[in-house]
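The next block holds one structure in the form of structure tokens; read it before the comments.
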Amino acid sequence: MASLPIPEVEEIEAIYGLEGAVEATSRYQRLAAAFKEKYGQAPEIYARAPGRVNLIGEHIDYEGYGVLPMAIRQDTIVAIRRGGDKLVVANLEAEQYPEIEFGTDPAQALDVAKHTWANYFLSAYKGVFEHLQSKGIAAPSPVGLQVMVHGTVPLGSGLSSSAAIVCSSSLAIAAVLGVAGSLTKGDVSEFTCTAERHVGVTSGGMDQAISVMGMPGVAMLVEFNPVRATDVQLPAGSTFVIANSMAVSKKAETADRRYNLRVVECRLAAMMLAVALGKPPGEAAAVTTLKQVEPAIIDKYGPGAEAQDKAVRELLHEGVYMPEEVEGLLQRPLASIYEGNASALRVLGVVGPEGFRLRDRALHVYSEAGRVYGFRDVCKSDAAAEDKLSQLGSLMDASHASCAGLYECSCAELDALVGAARAAGALGARLTGAGWGGCTVSLVREADAPKFIAALREQYYAPLVAQGVVKEKDLGECLFASKPSSGAALMKLKLASHEQPAEAPTQPAAAPAEQEAVMYEI
Ligand code: GLA
């Protein structure tokens, strides 16, 4: 999967299916019309990348462990052409996402303090050039780009709207620069993950990998170093229902006290485990993930989830570690360990008396990593479908309990929604994505899905509608059954009329003035 090229699709049905083709066509048409109106010409090409729902495996990708997401049908589409001497990034929903301009220097810094939606486009732009440089591929000279974006992945919902825009932008940029043909799905998964960190969140690679490598009909076990994805066939008769808690999770804006803090805590936990297992301080300070400490735990405690749990409880103390304690054991200041890591240094700069809860974080990561393989094994087993569903449901429930209790990445709204989902008949329910707001995912028998959705509407959403938090007419976007959908693609759609499909350049692009632009319209 990771070694496959990026698909170039000519039929809208190939991505959106017959049932989604009409709506998708009209969406691309609106994007095309707005693009033409703004820039005076049609885009050269489109790219699209989906959001995702993570079925299990939360906050463990950055610790090196595999996760189990699926791509969803909601996506971001990017229309692009070369032109002008700036990066002009506009959105079909201009009021909400105002147009932003950047220079074309790929080395420009991204202003993390001033978070804007278009920062994700800029991170993709930087990422394409960084990738080419890292592979020793001659980069084309930077040229101005005219861009128009439209996304349907709800923002701050834990469904990876950020990966959808970074991945679709990266493909669009690579295509007009004439380098898309050299990229594999694995390349794009890896460089978009690194690139997205320019916005200031030190996320793992799950979202980008599934956005690029997702496949219709199957969930994916995504593993890392190197990134790879294998199909997981979900049991017959199962449906996953996504429900938005309506608490917005602003991952980038809250990173220092939430997401990036957890990333720091996990590394500190790994270093403290290494010290407790007898590694010299210098060696322990070089450890970066909990996965790296696992072999030493197995050496001393043996394999298996119980042994791991016992080890963490014995080796790490309860409650809070303060920076001084960690620094004492490592015999060096944390600032020196994190030298050059701006996100971690920002976390250390704001850490208060709440300190770091290392034992709890490590207990979550190791147990959640085990649940991912448990989930995959149940899907692969010969058990009866009904047994599979109940086992998967239990794993999802245990995952939520661990996220809420040990990892503290849930919130009152998510807990209430998970409770309502179980009361409405879910076989299992959990938060999905980074948490602190956003969505839950519930496992439901396919036949029960309409009843389940109706009950959740009544129990969770009716009061929110009454309070004016959400409009009745928008509930379909907040609460829906989701099937595994297609991953990212370049869209060279067949034209409705006499015109030809767009051709992205296959050679490094010359400036548009010297090269006849290829037109594309639908
Ligand atoms: C965000 C990150 C992912 C992952 C999840 C939590 O979505 O981008 O890399 O860490 O949170 O599982």
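Laboratory data are not the source of any read-out in this text; all were calculated from the coordinates shown. Worth saying up front: this structure is predicted, and the values here are computed from it rather than measured. Cβ sites come from the backbone with ideal geometry, for glycine too, and all protein chains shown count toward neighbours.
Identify the residues of segment 74-109 with backbone N under 14 Å of a label point that sits 7 angstrom from the Cα of Ala139 along the Cα-to-Cβ direction, or state none. Correct set: 103-109. When Rg and the Kirkwood radius Rh are both evaluated on Cα atoms of segment 255-318, their ratio Rg/Rh stands at 0.99. For segment 13-138, a Kirkwood hydrodynamic radius built from all Cα pairs, placed in the Stokes-Einstein relation at 25 °C and 0.890 mPa s, yields a translational diffusion coefficient of 142 µm²/s.
By the Stokes-Einstein formula, at 1.567 mPa s and 4 °C, the chain with its Kirkwood radius over alpha-carbon pairs has D equal to 54 µm²/s. Once the Cα atoms are used to define both axes, helix 358-380 deviates from the longest principal axis of the chain by about 60 degrees. Quick one: angle between helix 305-315 and the longest Cα principal axis of the chain, in degrees between 0 and 90, rounded to 10, please. That helix lies at roughly 70 degrees to the long axis.
Charged neighbours of Asp387, selected by a Cβ distance under 14 Å, balance to 0 (K, R count +1; D, E count -1). Percent of C-alpha pairs per 10 Å bin in segment 187-321, short distances first: 10, 26, 33, 26, 4, 0.
When Rg and the Kirkwood radius Rh are both evaluated on Cα atoms of segment 259-361, their ratio Rg/Rh stands at 0.95. Full extension of the segment from Ala33 to Leu18, taken as 0.36 nm per residue of separation minus the current Cα-Cα distance, would add 3.1 nm.
Shown is the FRET efficiency for Glu283 and Tyr373, computed with R0 = 25 Å from the Cβ-Cβ distance and rounded to the nearest 0.05: 0.30. The long axis of helix 119-134 is offset from the longest Cα principal axis of the chain by roughly 90 degrees. Within straight-line reach of Lys471, meaning a Cα separation under 20 Å, sit the following aspartates and glutamates at least 8 residues removed in sequence or on another chain: Glu93, Glu95, Glu413, Glu458.
In segment 1-47, taking the dipole from charged Cβ atoms about the Cα centre, the farthest positive-side position among Val9, Gly40, Thr25 is held by Gly40.
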